[in-house]
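Below is one structure, written out as structure tokens; the observations come after it.
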Amino acid sequence: MTTTASRATDSVLSVRDALGSKWGDRSRGAARILDWLKSFPGNGWQERWLVSGADSGLAWLDVVTDGYGCVEASRREVTTDGLGCLLLARVVRPSYEFLQCYRTSGLYRHAELEFGADLFSRLRQSGMTRGTIPSHLSTAENSLVKVAFRTGRDLADLTADDLIAYHDWSKETFGKAPMGLHAAWDLLRDIGVLDEKLSLRRTLARGQMPTARLVDRYGIRCGPVRDVFVRYLDERRPSLDYSSVSGLASQLLGAFWADIERHHPGISSLHLAPEIAEAWKQRVKVINRPGKAPAPREAWASVLTAVRAFYLDIAEWALEDPSWAAWAVPSPVRRSDTGGYTKVKKKARAKMHQRVRERLPRLPELVDTTEQHHAHQKRLLAAAEATPIGETFALDGRDYRRIDRKDDQPESDSTTDPPSCSRRTSPPASRSTSPAARMRRSGPGRSSRHSVTPECVSKRCWN
């Protein structure tokens with residue numbers, strides 16, 4: 001046990017030179033965490049990390065901190081810095097849930113030193129070539145560091161499956177892709193780490209899925225019930241297009257049966273008790289999404305109609321095919337429950353017509369504004385092309401100065417005012433760019449907003 005602990009401590013101390021003057025305190029904090037992990041069973045630090053429950057949150061930091069030093073804030077800082085060391089040395093591989101709650105921007109800057117500044121430099125150069133703004137580039141780098149922490153790999157060893165796994169976790173947890181992951185995918189393709197021909201969005205596009213996969217997206221736990229839904233959709237599929245089949249699966253499984261299983265675990269029959277059916281019919285009128293406030297479901301009547309049709313179709317098919325008889329049960333949706341479906345459809349149609357009536361009178365105004373903007377931009381481009389770099393020109397009462405790319409960067413010295421610069425980092429001079437993209441207003445009253453280079457983004461304090 002002691003030998004293993006020494007090896008782990010050595011692996012942490014191996015990055016001492018890269019982590020600055022505070023590393024003595026940070027190594028003490030790492031040793032404290034390792035001593036605490038030794039009290040849990042396991043064949044390695046990763047198993048002890050999982051058994052201890054450390055992967056589920058940050059509350060355990062208080063337990064480790066107790067008994068060290070006299071100032072609570074200082075003790076916790078040392079322990080937190082030690083945790084950062086363990087992550088950088090890949091002694092433990094935290095889950096994405098843990099990384100979501102463990103937010104420290106400085107750790108990602110030190111990750112650059114640990115994983116290789118040259119690779120990050122190549123990523124930034126690729127981002128500048130693509131015209132990626134610095135804030136988006138920084139978010140993409142942070143996404144890659146999270147994947148490296150989770151997988152225990154170096155950035156140069158990451159695979160497409162690693163990034164897709166992070167994407168799938170975020171979609172399942174928050175209902176959306178991680179910020180910066182699509183840009184990170186493209187940057188890794190550019191520098192040759194990923195040998196993928198398509199973007200992440202096109203890679204994830206699965207085309208038309210078979211019925212079984214459509215059903216399995218909703219995680220139905222009861223196998224026989226899942227098979228009934230697959231069989232039912234297979235029967236309906238020849239007469240529907242793919243979009244309609246996918247929508248029907250969303251209504252029957254996402255809005256209906258997955259909700260039933262979530263509120264009544266272990267249910268295995270389509271025959272619902274009256275109280276279960278009534279409770280579901282109330283819930284279906286509201287949409288609940290992770291991280292968002294509940295919202296009324298406008299198409300709740302269509303969900304009820306689809307569920308009623310599902311039960312009635314099975315009952316009718318059972319008269320001709322006895323294999324359906326076991327699932328021919330009373331429908332939880334009565335005819336009176338769907339009485340408002342026609343009213344809902346008319347209301348939706350009236351809403352669309354009203355929107356057209358409100359916007360149609362302003363269509364000429366939109367056309368005139370678009371033509372004026374196009375004409376102005378055309379004259380601005382022509383004037384810029386005729387103006388040497390560094391010179392000013394006037395157009396429609398406004399003064400502009402055509403600038404070179406090197407003038408579009410802030411000074412690295414924070415004691416001096418940065419020069420005029422754009423909201424976006426300009427692409428390299430070797431790429432063909434419009435002169436209008438390299439000019440800014442000059443004179444009194446111009447905006448003081450400045451762009452931030454990747455170098456500035458990385459200069460953060462661990463504290």
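Close amide-amide hydrogen proximity is noted between ASP399 and SER442, each under 5 Å apart and 5 or more residues distant or on a separate chain (H modeled in the peptide plane; Pro and chain starts excluded).
Once the chain from ALA315 to LYS285 is taken as fully extended at 0.36 nm per residue, the excess over their C-alpha distance is 8.2 nm. First check a/c for the range 211-339, with a ≥ b ≥ c the square roots of the eigenvalues of its C-alpha gyration tensor; if it is under 1.5, answer rounded, and if not, answer prolate when a/b is larger than b/c or oblate otherwise. Since a/c stays below 1.5, the shape of the range 211-339 is classed as rounded.
Would you please classify the overall shape of the range 148-247 from the alpha carbon gyration tensor, given that a ≥ b ≥ c denote the square roots of the eigenvalues, rounded means a/c under 1.5, and beyond that prolate means a/b larger than b/c while oblate covers the rest? The shape class here is prolate. Neighbour counts of other Cβ atoms within 10 Å put CYS222, CYS85, CYS101 in the fewest-to-most order CYS101, CYS222, CYS85.
Each of GLU278 and LEU366 was given a label point 7 Å from its Cα along the Cα-to-Cβ line. The distance between the two points is 4.8 nm. Phi angles across the range 314-329 convert, under the Karplus curve 6.51 cos²θ - 1.76 cosθ + 1.60 with θ = phi - 60°, into 3J(HN,Hα) values of 4, 4, 6, 5, 5, 5, 9, 10, x, 5, 8, 4, 5, 10, 7, 10 Hz, Gly and Pro given as x. Couplings 3J(HN,Hα) for the range 235-240, derived from phi with the Karplus relation 6.51 cos²θ - 1.76 cosθ + 1.60 (θ = phi - 60°), are 5, 7, 4, x, 9, 10 Hz, where x marks Gly and Pro.
Taking 7 Å steps out from each Cα toward its Cβ at SER243 and HIS271 produces label points 4.0 nm apart. What the phi angles of the range 172-187 give under the Karplus curve with 6.51, -1.76 and 1.60, with θ = phi - 60°, is a coupling list of 6, 7, 10, x, 8, 6, x, 5, x, 6, 5, 5, 4, 4, 5, 5 Hz, glycine and proline written as x. Cross-link check: pairs LYS146/LYS197; LYS285/LYS346; LYS176/LYS343 evaluated at a Cα-Cα cut-off of 27 Å; pairs beyond the cut-off: LYS176/LYS343. Counting only aspartates and glutamates at least 8 places from LYS171 when in the same chain, those with an alpha carbon closer than 14 Å to its own are GLU97. State whether the range 161-218 is rounded, prolate or oblate according to the following rule on the C-alpha gyration tensor (a ≥ b ≥ c being the square roots of its eigenvalues): a/c under 1.5 gives rounded; otherwise a/b larger than b/c gives prolate, and the remaining case gives oblate. Oblate is the answer for the range 161-218, as a/c is 1.5 or above yet b/c matches or exceeds a/b. Here's how it looks for ILE287: its modeled amide H is under 5 Å from those of ALA295, ARG297, which are all 5 or more places away or on a different chain. Bridgeable aspartates and glutamates around LYS38 (alpha carbons under 16 Å apart, same-chain partners fewer than 8 residues away excluded): ASP10, GLU47, ASP55.
Each reported figure results from applying straightforward, stated rules to the coordinates on display, with no laboratory input. On a predicted model such as this, the values are computed, not experimentally measured, just so you know. Backbone-built Cβ (ideal geometry, glycine too); neighbour counts: all protein chains shown.
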